[in-house]
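Report on one structure; see the data block that follows.
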Amino acid sequence: MFCVLLTELLLRNAYELPEKVALAARLRQETTLTIKAIAARLQMGSRKSTTTRLQEHKRKAQDDRIMPLL
(Lines give C-alpha, C1' and ligand atoms only; values in the text may rest on other atoms or scores of the structure.)
Protein backbone atom coordinates (compact mmCIF):
# COMPACT_ATOMS: atom_id res chain seq x y z
CA MET A 1 0.00 0.00 0.00
CA PHE A 2 2.79 2.43 0.95
CA CYS A 3 4.62 1.79 -2.33
CA VAL A 4 1.46 2.50 -4.32
CA LEU A 5 0.89 5.79 -2.48
CA LEU A 6 4.53 6.80 -2.88
CA THR A 7 4.43 6.01 -6.58
CA GLU A 8 1.25 8.02 -7.05
CA LEU A 9 2.75 10.96 -5.15
CA LEU A 10 5.93 10.92 -7.24
CA LEU A 11 4.06 10.61 -10.52
CA ARG A 12 1.81 13.55 -9.73
CA ASN A 13 4.59 15.95 -8.78
CA ALA A 14 6.99 17.91 -10.96
CA TYR A 15 9.67 16.04 -12.84
CA GLU A 16 12.57 17.93 -11.23
CA LEU A 17 11.74 17.04 -7.63
CA PRO A 18 14.91 16.13 -5.69
CA GLU A 19 13.22 12.94 -4.49
CA LYS A 20 12.57 11.84 -8.08
CA VAL A 21 16.11 12.62 -9.15
CA ALA A 22 17.53 10.73 -6.16
CA LEU A 23 15.29 7.76 -6.92
CA ALA A 24 16.28 7.83 -10.58
CA ALA A 25 19.97 7.89 -9.62
CA ARG A 26 19.50 4.92 -7.33
CA LEU A 27 17.57 3.00 -9.98
CA ARG A 28 20.31 3.72 -12.51
CA GLN A 29 23.01 2.54 -10.11
CA GLU A 30 21.27 -0.58 -8.78
CA THR A 31 19.38 -1.86 -11.83
CA THR A 32 19.90 -2.41 -15.53
CA LEU A 33 17.13 0.01 -16.49
CA THR A 34 18.05 2.49 -19.19
CA ILE A 35 17.72 6.21 -18.58
CA LYS A 36 14.92 6.26 -21.13
CA ALA A 37 13.01 3.61 -19.14
CA ILE A 38 13.61 5.40 -15.84
CA ALA A 39 12.45 8.73 -17.31
CA ALA A 40 9.29 7.11 -18.63
CA ARG A 41 8.51 5.18 -15.44
CA LEU A 42 8.99 8.23 -13.17
CA GLN A 43 7.50 10.66 -15.71
CA MET A 44 10.61 12.83 -15.67
CA GLY A 45 10.45 14.12 -19.23
CA SER A 46 12.84 13.20 -22.00
CA ARG A 47 15.90 10.98 -21.77
CA LYS A 48 18.13 13.98 -22.40
CA SER A 49 16.67 16.13 -19.62
CA THR A 50 16.77 13.19 -17.21
CA THR A 51 20.42 12.59 -18.07
CA THR A 52 21.19 16.24 -17.33
CA ARG A 53 19.42 16.05 -13.96
CA LEU A 54 21.26 12.83 -13.06
CA GLN A 55 24.62 14.39 -13.93
CA GLU A 56 23.83 17.45 -11.80
CA HIS A 57 22.77 15.16 -8.94
CA LYS A 58 26.02 13.19 -9.19
CA ARG A 59 28.13 16.36 -9.35
CA LYS A 60 26.37 17.81 -6.31
CA ALA A 61 26.87 14.59 -4.36
CA GLN A 62 30.59 14.65 -5.16
CA ASP A 63 30.85 18.33 -4.19
CA ASP A 64 29.15 17.60 -0.86
CA ARG A 65 31.73 14.88 -0.11
CA ILE A 66 34.73 17.07 -0.93
CA MET A 67 34.81 19.98 1.49
CA PRO A 68 37.59 22.51 0.88
CA LEU A 69 39.87 23.32 3.77
CA LEU A 70 39.80 26.99 4.71
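The table for this structure:
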item: Intensity falloff of the range 18-70 expressed as log10 I(q)/I(0), Debye formula with alpha-carbon point scatterers, at q = 0.13, 0.19, 0.29 Å⁻¹; result: -0.33, -0.60, -1.15
item: Full-stretch length increase - Ala40, Glu19 - with 0.36 nm per residue and alpha-carbon distance subtracted; result: 6.0 nm
item: Accessible carbon and sulfur surface of the range 10-55 relative to its total accessible area, %, 1.4 Å; result: 53
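The values are calculated or read from the model by the stated rules, or taken from the named source; none is laboratory data. For clarity, every value in this text was computed on a predicted model and none was experimentally measured. To get the accessible areas, we keep the full protein, side chains included, count just its heavy atoms, and leave off ligands, DNA and RNA. Shrake-Rupley method; radii C 1.70, N 1.55, O 1.52, S 1.80 Å.
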